[in-house]
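Since the structure comes first, as structure tokens, the remarks are kept for the end.
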Amino acid sequence: MNILGLPIKETEKNIDSLNTLLANFQIYYQSLRGLHWNIRGKRFFDLHVKFEELYNNAQLRIDEIAERVLTLGGVPLHSFDDYMQHNKLIVGKNISEDEKAVELIIDSLSKLLVIEREILETASSINDEGTTSMMSDLIVEQEKDIWMMKAFLG
């Protein structure tokens, strides 16, 4: 057991998975910044503000995930090279059309949910309440974001 009373081997697996989530959140964050900067059209004002809200929230989540890695005794990934090696998301590049932007967000959130549910399962199995709680909060938040983005698309 480690200092937190968690099994070492399973906690190391959680650290690796949290680092994968961290890397993917960094890609998601950067895509959101690009969407915010490049959005055009009649829905510009609404989406420009929404994308800023989403990237500000993603930035907070990135910090929380990195701090959880540290709390568990790991080292958070922190280079662009690491992020790209662990990336499972489509990288948004030069997207200015509203529906394509929203579709990218839905796709990214759906893939983040897969990673988060895997972490939730492992964390739950070893009574890692800190990680379980974090994943539960992320999942609820992102499921709602997906619903709202899908509602936007009609």
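Structure above, values below:
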quantity: Residue among 109, 70, 77 that alone is buried (at least 17 other Cβ atoms within 10 Å of the Cβ) and not in a loop (DSSP other than H, G, I, E, B); calculated: 109
quantity: Single residue of 74, 154 found to be small (Gly, Ala, Ser) and modelled with pLDDT under 95; calculated: 154
quantity: The lone exception for residue 135 - which of (1) surrounded by fewer than 17 Cβ atoms within 10 Å (Cβ to Cβ); (2) over 23 Å from residue 46 (Cα atoms) it fails; calculated: (1)
quantity: Only listed residue being more than 14 Å from the chain's Cα centre (by Cα), closer than 19 Å to residue 20 by Cβ and either modelled with pLDDT of 95 or more or not hydroxyl-bearing (Ser, Thr, Tyr) (or both), chosen from 81, 98, 46; calculated: 81
quantity: Set 25, 51: member being among the aromatic types (Phe, Trp, Tyr), under 18 Å from the mean Cα position of the chain (by Cα), closer than 17 Å to residue 120 by Cα and assigned to a helix (DSSP H, G or I); calculated: 25
quantity: Any hit, segment 35-42, residues being in contact (Cβ under 8 Å) with a residue 60 or more places away in the chain and in a loop (DSSP other than H, G, I, E, B); calculated: yes
quantity: Selection status of residue 89, outside any helix (DSSP H, G or I), under 28 Å from residue 47 (Cβ atoms) and in contact (Cβ under 8 Å) with a residue 24 or more places away in the chain; calculated: yes
quantity: Filter result for the condition that a residue is touching a His at 6+ places or on another chain (Cβ under 6 Å), surrounded by fewer than 16 Cβ atoms within 10 Å (Cβ to Cβ) and within 21 Å of residue 147 (Cβ to Cβ), over 99, 52; calculated: 52
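The values are calculated or read from the model by the stated rules, or taken from the named source; none is laboratory data. Remember, it's a predicted structure, so these values are computed and weren't measured experimentally. No Cβ is skipped: glycine too gets one built from the backbone with ideal geometry, and neighbour counts run over all protein chains shown.
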